[in-house]
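Here the structure comes first, spelled out in structure tokens, and everything after it is commentary.
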Amino acid sequence: MTKISTIWKGTLLSLLIAVPAYILGLIFPVIGGAIIAIVIGMAVAVFMKNRSQFDSGIRFVSKKVLQWAVILLGFGMNLSVVAETGLQSLPIIVSTISISLIAAYLVSKALRISGNTAALIGIGSSICGGSAIAASAPVIGADDEEVAQSISVIFFFNVLAAIIFPILGTAIGFSTADGTPFGIFAGTAVNDTSSVTACASTWDSMWGLGTETLDKAVTVKLTRTLAIIPITLVLAVIRTRKEGKSGEKVSIRKIFPFFIIYFVLASVITTVLMSLGVSASFFTPFKNLSKFMIVLAMAAIGLNTDIVKLVKTGGKPLFLGFTCWTMITITSLLLQHMLGLV
């Protein structure tokens, strides 16, 4: 009861921001509710007085609610379906993730960018945007400003990809009669689900392909999302070793991302139930709740972010995001040519 009394104000404030942000995200899917919530949260934070009464609730939402949202994401993933369709795109997915993480590491060292910011941008660019950042941030101990900055960078290149890729698709040489090649490209080169959907849907509309491109792009995107699991586990091991070498007492229980285990369990439950005949629509409420909880957490992160500092330090992370985005796009195109998909 004592804890509720300390967190309810910050939780309620985050909720008041999240509800309209979520609705606006449905109206403008290319932007998405997460980035809208962060922007509103940062704007509100500028005018906040007596922050101390809200701090506990804001921290609770930005950390715990974020982890619960990731767990619920698992209910949207049928591992057998993802594996079946994802095999075709697996070499591209592995390559784009690898090149993005390598680029993020090298650029961050050259420009002296925060290791946490670089990791979040690299992972968000290569795996699944905001969801990957949400899963990785608690594991590496990223603070709210690092999360907000990373989300902002990912959002910027999301919008660019959703607008530019369908326009350049024919010039690049994608088939206009078969949605599979462009679907694989959109699923591997665009990072966030909302922008993957927008990009693929635009291509379908342009060439009258129904939902052919969209179906392929979303499935490839789900396959990429699975990379959250090994990535977060590796990050947990790295952090454990780093803290151990520094002489600090390492708590595996504190560092290990147990919520990822629950995420996997949710995916397994989904897979088993669907194999027994349960409709995919049964899991829709879980996915929708997960999306809303991510928006809620982003509202709290916005409330806890110094917008002036974010703007002043945004140049280098933006360049890092551009590098990751460019390398992922080039790698995806090259491999599709090599595999004869384009």
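Just so it is clear, none of the values below were taken in a lab; they were calculated from the coordinates. The structure presented is a predicted model; accordingly, all values stated were derived computationally and were not measured. Here the Cβ is made from the backbone with ideal geometry for all residues, glycine too, and neighbour counts use every protein chain on show.
Residue by residue, region 295-308 carries 3J(HN,Hα) couplings of 4, 4, 5, 5, 4, 5, 5, x, 5, 9, 10, 8, 5, 5 Hz when phi is fed to the Karplus relation 6.51 cos²θ - 1.76 cosθ + 1.60 (θ = phi - 60°); x denotes Gly or Pro.
Under the Kirkwood approximation applied to all pairs of distinct alpha-carbon atoms, what is the hydrodynamic radius of region 28-167 in Å? Averaging 1/r across every pair of different Cα atoms and inverting gives 16.9 Å. A protection proxy built from the mean count of other Cβ atoms within 10 Å ranks the segments 295-307, 112-124, most packed first, as 295-307, 112-124.
Coupling constants for region 146-159 follow from the phi torsions by the Karplus curve (6.51 cos²θ - 1.76 cosθ + 1.60, θ = phi - 60°), and in residue order they are 5, 5, 4, 5, 5, 4, 5, 5, 4, 4, 4, 7, 4, 5 Hz; glycine and proline get x. Counting other Cβ atoms within 10 Å as a rough exposure proxy, the listed residues V147, V139, V272 run V272, V139, V147 from fewest neighbours to most. Counting only alpha carbon atoms, the long axis of helix 33-46 and the longest principal axis of the chain meet at about 30°. Annotation for L339 and I163: the two label points, set 7 Å from Cα along the Cα-Cβ direction, are 3.0 nm apart. Coupling constants for region 277-291 follow from the phi torsions by the Karplus curve (6.51 cos²θ - 1.76 cosθ + 1.60, θ = phi - 60°), and in residue order they are x, 5, 5, 4, 5, 4, 8, 4, x, 5, 5, 5, 5, 4, 4 Hz; glycine and proline get x.
Under the rule of -39500 (n - 2.57) per DSSP H run of 4 or more residues, summed and divided by the residues of the chain, what mean residue ellipticity at 222 nm is obtained, to the nearest 500 deg cm²/dmol? Display every interim value, and only then the final one.
Numbers: 18 runs with 265 residues, N = 342.
Counting only the DSSP helices, I get -25500 deg cm²/dmol.
Here the simple spin-label model places points 7 Å from the Cα toward Cβ, and for L16 and L111 these points are separated by 3.7 nm. Between K309 and F258, the C-beta separation translates, for a Förster distance of 51 Å, into a calculated FRET efficiency of about 0.95. In this label model, D55 and L90 are separated by 4.9 nm, measuring between points 7 Å along each Cα→Cβ vector. Between K9 and L265, residue separation times 0.36 nm minus the direct Cα-Cα distance comes to 88.9 nm. Residues whose amide H lies under 5 Å from that of A142, counting only those 5 or more places away or on a different chain, are absent; hydrogens are built 1.01 Å from N in the peptide plane. If the chain linking K63 and V234 were pulled fully straight, counting 0.36 nm for each residue of separation and taking away their Cα-Cα distance, it would gain 59.6 nm.
Quote the charge dipole size of the chain about the Cα centre in Debye, to the nearest 20; the model charges only the Cβ of Lys and Arg (+1) and of Asp and Glu (-1).
On the way: 24 positive and 14 negative charges, 269 e Å.
The calculated dipole for the chain is roughly 1300 debye.
With r as the distance between the Cβ atoms of D178 and R241 and R0 = 35 Å, compute the FRET efficiency 1/(1 + (r/R0)^6) and round to 0.05. After rounding to 0.05, the efficiency reads 0.15.
State the volume of the convex hull built on the alpha-carbon positions of the chain, expressed per residue in Å³ and rounded to an integer.
Numbers: hull volume 49.5 nm³, N = 342.
Value for the chain: 145 Å³ per residue.
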